[in-house]
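Data block below; observations after.
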Amino acid sequence: MADAFPAFTPVTLLTGFLGSGKTTLLRQLLTDPGLSNAAVLINEFGEVGLDHHLLERIDENMVLLQSGCLCCTVRGELADAIRDLHSKRERGIVPPFDRIIIESTGLADPFPVLSTLKADPVLRHHFKPSGVIATVDAVNAGMQLTAYREPMRQVAVADLLVLTKTDIAEPAQVAWITAMIRQINPDAPIVLSSDDAFDVARLLDDTTTVRAEAMQSPGGFYCDDPGPVLAGQHSGGIRSFALVSEGTVDWTAFGIWLTMLLNRHGDRILRVKGVLNIEGEDFPVAIHGVQHLVHTPVHMQSWPGGDRRSRIVFIVDGIVPAAIERSFNAFNGLGAAQVAPRRVEEMQP
């Protein structure tokens, strides 16, 4: 049985604000045969209407669906639920699932879920984060993103954004919401749930949600064109900006700088990602972090588009970009002239 599942099981977080279509998407995930080897952790079975899909009840917290997907309710701590799943898989009580999908509540900040995997000594040896999928309501997101901090943070940390209700929204509304979420998160791919080509199983493809060179665009990031990454300030305090350096980066100094930065401001640095020209390396290194959690760097095999500049994109909450720029320059031994100028603009609702 031990050979039937990966050494590090990928864990995907599904998040989204209240009424954004997250439950509808989750129902599709649960019944898709392509996800038959997945385990899904949800708050309550009743919220997604599983009764007619239930094939076998394993215990009071777990059911096996007709699609083969294992569905579990989270009662108490998330870490306990994942450890229980892992134990039952090891003992052959449940099918050998090869990934976990966690559905968070609509008002949840995504980071505590992600940090659970890193903080728990058992989980970090058996599971790995595999991306955040966030649903965004094309009809109501304009008001939600203006009025509430939670949906802004959900959009900011997402690796993939699913725009829902586009079939009932006017094209101009869809374009406006797309532009709005692109200013909060300038890089994550955006897919439309109403698109004829929409494939639920593909949402969890590792080449889509995991930071890998296969997803690098010519600009070095994870969408065809991250747009005006050097711009974007939200009225709620969340903004995106980039540091672009012409020179090489000392890896040791950079590591110390990033560690200290996230240790002090990690709660407010929602995402940091970049492509670095490391001193002494022939090819660039891609880095990616969410708040205090930093993923393993990816050593790329080529220079995206031939551009050898280091470029680091930040999405922050209430931090002045100039402060991060000054500290980066100090640790990397750079003068201000070596970092490309930054443009910050208000995002219009």
*For Lys22, list the lysines whose Cα falls under 19 Å from its own Cα; do not include residues on the same chain fewer than 8 positions away.*
Lys165
*Once you charge only the Cβ atoms, +1 for Lys and Arg and -1 for Asp and Glu, what is the size of the charge dipole of the range 2-214 about its Cα centre, to the nearest 20 debye?*
440 debye
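If you add up the charges near Phe45, with Lys and Arg at +1 and Asp and Glu at -1, over every other residue whose beta carbon is less than 12 angstrom from its beta carbon, what do you get? Write down the numbers at each step before the final one.
On the way: positive: Arg27, Arg57, Arg75; negative: Glu44, Glu47, Asp51, Glu60, Glu103.
Net of charged neighbours comes to -2.
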*Send over the per residue convex hull volume for the range 238-347, Cα only, as a whole number of Å³.*
101 Å³
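Find out how many positive minus negative residues lie around Phe97, taking Lys and Arg as positive, Asp and Glu as negative, among other residues whose Cβ is under 11 Å from that of Phe97. Show your work: numbers first, answer last.
On the way: positive: Lys88, Arg89, Arg99; negative: Asp98.
Here the charged neighbours net out to +2.
Laboratory data are not the source of any read-out in this text; all were calculated from the coordinates shown. Predicted model, so just to flag it, every value in this text is computed and none were measured. In this analysis, Cβ positions are derived from the backbone assuming ideal geometry, glycine residues included, and neighbour counts consider all displayed protein chains.
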